[in-house]
1. Taking every DSSP beta bridge that has both residues in the chain, what percent is antiparallel when rounded to the nearest 5?
2. So what's the gap between the Cα centers of region 102-151 and region 36-65, to the nearest angstrom?
3. Computed from the mean reciprocal separation of all distinct C-alpha pairs, what Kirkwood hydrodynamic radius does region 87-151 have, in Å?
4. Can you tally the net charge around Leu38? Count Lys and Arg as +1, Asp and Glu as -1, for every other residue whose Cβ sits under 15 Å from the Cβ of Leu38.
5. May I ask which of Lys67/Lys103; Lys52/Lys103; Lys74/Lys103 have a Cα-Cα span longer than 28 Å here?
6. Considering only the other residues whose Cβ falls under 12 Å of the Cβ of Tyr18, what net charge follows from Lys and Arg at +1 and Asp and Glu at -1?
7. At most 15 other Cβ atoms within 10 Å plus a DSSP loop assignment makes a site exposed; report the longest stretch of the chain without any exposed trypsin sites (Lys or Arg not before Pro).
8. For Rg and Dmax of the Cα atoms in Å, the listed values are (i) 16.6, 63; (ii) 24.3, 91; (iii) 14.9, 46; which was obtained by calculation from the structure presented?
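No value in this document is a laboratory result; all are computed from the given coordinates. What you see is a predicted model; the values in this text were computed from it and never measured. As a convention, Cβ positions derive from the backbone with ideal geometry for all residues, glycine included, and neighbour counts pool all protein chains shown.
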Amino acid sequence: MHNAVVIALGSPILVGIYDEQGNLREAISNDGLGSDVLPLIFEDVLNRYSLKNLLYANGPGSFMGIKVAYLFLKTLAIVRNIPLLSIDGFFFNENHPIKAVGKLYFVKNSTMITLEPLENPILKGFELPQTIDVKNFNTDSAPYYGIEAVG
């Protein structure tokens, strides 16, 4: 049994397959749209692996990326009876600021995520870690958008 980690907060979309000990066995990267590539990636993944958990970055980041990933993974979790767990995106970028809009960035201080204006933030892309511990992921898999949608 394996765990699948999905990061769809921006481009590229990253999917990692981890063994039961939490070691990264396969990394998949795709610059396409989540709605296009997630079904294709998981068609292949599900043909080759039995999944114990679906784990994903639930935000903050791209609204559309978060929505698509959540809806796709939640549906897959229900249909396949696989637990869906989440963790914030800061886990995957070594706690660096995450772009929101304009000069606003999401920043995480201890456990609180805030929206801050930053002039020259040091940014880091999202990466799949070499190891994971499923115990660090939350059973509350609801998306975290951080700010309200602009209407």
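1. Numbers: 22 of 31 bridges.
That works out to approximately 70 percent antiparallel.
2. 18 Å
3. Details: mean 1/r = 0.0757 Å⁻¹.
Every distinct Cα pair counted, the radius reaches 13.2 Å.
4. On the way: positive: Lys67, Lys74, Arg80; negative: Asp31, Asp36, Glu43, Asp44.
For residues surrounding Leu38, the net value is -1.
5. Details: Lys67/Lys103 23 Å; Lys52/Lys103 40 Å; Lys74/Lys103 32 Å.
Pairs exceeding the cut-off: Lys52/Lys103; Lys74/Lys103.
6. Working: positive: Arg25, Lys52; negative: Asp19, Glu20, Glu26, Asp133.
Value of the local net charge: -2.
7. Values: sites that count: Lys103, Lys124.
Answer - 1-102.
8. The listed entry that was calculated here is (iii).
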